[in-house]
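The values are calculated or read from the model by the stated rules, or taken from the named source; none is laboratory data. Source: prediction; values computed, not measured. Ideal geometry is used to build each Cβ from the backbone, glycine not excepted, and the neighbour counts take in all protein chains shown.
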Amino acid sequence: MKKIMAKRGSYVNKNGEKKTKWVKVGVINENSNGQYIILDPSINLSALDKSEGGDVFCSIYDNDYQDTTQQNSQQPDRFNVGGDINDKDYPF
């Protein structure tokens, strides 16, 4: 499983270094049919940092990536799913 992360601002740490705040917008998982994405429906993409063209860029990290922002470390990992999904679970 991989995490899909998007930039949500920045902050200055205690050493005076500018750091990026990240929010997890979903995960990429895989089953016998291939890869699929599960997106967090509570994330408002229009509230995230955008490029000059208005696009939201996301980064993909392995599951062992450690969230460094305080907000992410306090939230339960609702998207830490495992196992295969069969066609009966999702009609599309």
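Which one of these is modelled with pLDDT under 90 and surrounded by 12 or more Cβ atoms within 10 Å (Cβ to Cβ): K2, K50, K21, K88?
Values: K2 fails: modelled with pLDDT under 90; K21 fails: modelled with pLDDT under 90; K88 fails: surrounded by 12 or more Cβ atoms within 10 Å (Cβ to Cβ).
Of K2, K50, K21, K88, the one residue that is modelled with pLDDT under 90 and surrounded by 12 or more Cβ atoms within 10 Å (Cβ to Cβ) is K50.
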First in segment 4-22 and within 30 Å of Q35 (Cα to Cα), second anywhere and small (G, A, S) and buried (at least 16 other Cβ atoms within 10 Å of the Cβ), Cβ under 6 Å, 6 or more apart: I4/G26
Filter result (of a type in the set (V, I, T) and within 20 Å of S59 (Cα to Cα)) within segment 1-36: I4, T20, V23, V25, V27, I28
